[in-house]
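The values are calculated or read from the model by the stated rules, or taken from the named source; none is laboratory data. All values derive from a computational prediction rather than experimental measurement. Here Cβ is always computed from backbone atoms with ideal geometry, including for glycine, and neighbour counts include all displayed protein chains.
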Amino acid sequence: MIKLKDLLFEAGGESAGSLELVSTSVAKAREFARKKNFNLDKELPNFEANYKLAQKKASMGKTKRKDMPVIDDSDVKKFQRRLETGIIDINKPFSKQTNSKNPFPTGLSGLAAKEFIGNGLRDGSKKDDIIPVTITKVSIKALKPIQKQIYYDKSMGATIQFGVKGSKNFIQNKSFFVISGDNFIIDGHHRFLSALLIDPNMKVNALSIDLPIKKLLPLSLAYGDAIGNTRNA
């Protein structure tokens, strides 16, 4: 059974589903709901249009599960503080311990991992690595997925289990998405799908990190590895 809290931050230990959104037809999506005794036309009257929108958006995703960052709720708060205080070496000038050709190496452990997290304080500049992080409201349809594998059965299963009203309340009031400055999703892909199916105009809370996805993704991958989190299979 899906636990509500498990959908708050999805990256850490996220389990896979079996019905990948981009390759699951509307007919199969309807059949899944029917087997769960969930009346799609009554509960989600715009289901078909919203489902096709979700599929179109999901087709943008290119990053595999194993290459997604793993950062859970407590890690996100620490990550935010470290970005806002410039502890991580992100921008030039780089410290002597940072490889300027590969500033965000993956697979770090031990001393190298500890150095990675603190190298922003060793580069001779106090302000170059300070990254603004803000909480903002954003329309769910304005967000852009990067994860290639988004599972319909996982999102719809949660919506069925907790009801449309309960799911909407949770997504809007008890969770937030982690996004890049250019509105790409780092954490929250299955909540993204649930929200799109319920109401594409839904406003959600987002932790917006002021970096483009092309920099934020490798940075967050390196960070997740450095703090010892295991990648999803």
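Here are the numbers for this structure:
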read-out	value
Index of the failed condition, Ala233 passing every other in (1) crowded, with 18+ Cβ neighbours inside 10 Å; (2) touching a Lys or Arg at 6+ places or on another chain (Cβ under 9 Å); (3) modelled with pLDDT under 95	(1)
All helices (runs of 4 or more DSSP H) inside the stretch 30-102 with 1 or more residues being under 21 Å from Glu115 (Cβ atoms), at pLDDT 95 or above and under 26 Å from the mean Cα position of the chain (by Cα)	73-84
Number of the condition not met by Asn119 [criteria: (1) over 26 Å from His190 (Cα atoms); (2) part of a loop (DSSP other than H, G, I, E, B)]	(2)
Tally, over the stretch 123-134, of residues that are in a loop (DSSP other than H, G, I, E, B) and either surrounded by 19 or more Cβ atoms within 10 Å (Cβ to Cβ) or not basic (Lys, Arg) (or both)	8
Test: residue in the stretch 12-25 that is of a type outside the set (Phe, Trp, Tyr), assigned to a helix (DSSP H, G or I) and either under 30 Å from Gly124 (Cα atoms) or modelled with pLDDT under 95 (or both)	no
Scope the stretch 174-205; condition among the aliphatic types (A, V, I, L, M), buried (at least 20 other Cβ atoms within 10 Å of the Cβ) and over 10 Å from the mean Cα position of the chain (by Cα); matching residues	Leu193, Ala195, Leu196, Leu197, Ile198, Val204
The listed residue being under 20 Å from Leu211 (Cβ atoms) and either touching a His at 6+ places or on another chain (Cβ under 7 Å) or not hydrophobic (A, V, I, L, M, F, W, C) (or both), out of Asn91, Asn46	Asn91
Filter result for Lys137 (part of a helix (DSSP H, G or I) and surrounded by fewer than 19 Cβ atoms within 10 Å (Cβ to Cβ))	no
Hits in the stretch 183-233 (condition: in a helix (DSSP H, G or I) and of a type in the set (Lys, Arg))	Arg191, Lys214, Lys215
Flag if Ile179 is of a type outside the set (Asp, Glu), within 17 Å of Leu21 (Cα to Cα), without any contact (Cβ under 8 Å) to a residue 60 or more places away in the chain and not in a helix (DSSP H, G or I)	no
Conditions (1) surrounded by fewer than 18 Cβ atoms within 10 Å (Cβ to Cβ); (2) under 15 Å from the mean Cα position of the chain (by Cα); (3) assigned to a helix (DSSP H, G or I); (4) not basic (Lys, Arg); number of the one not met by Val164	(2)
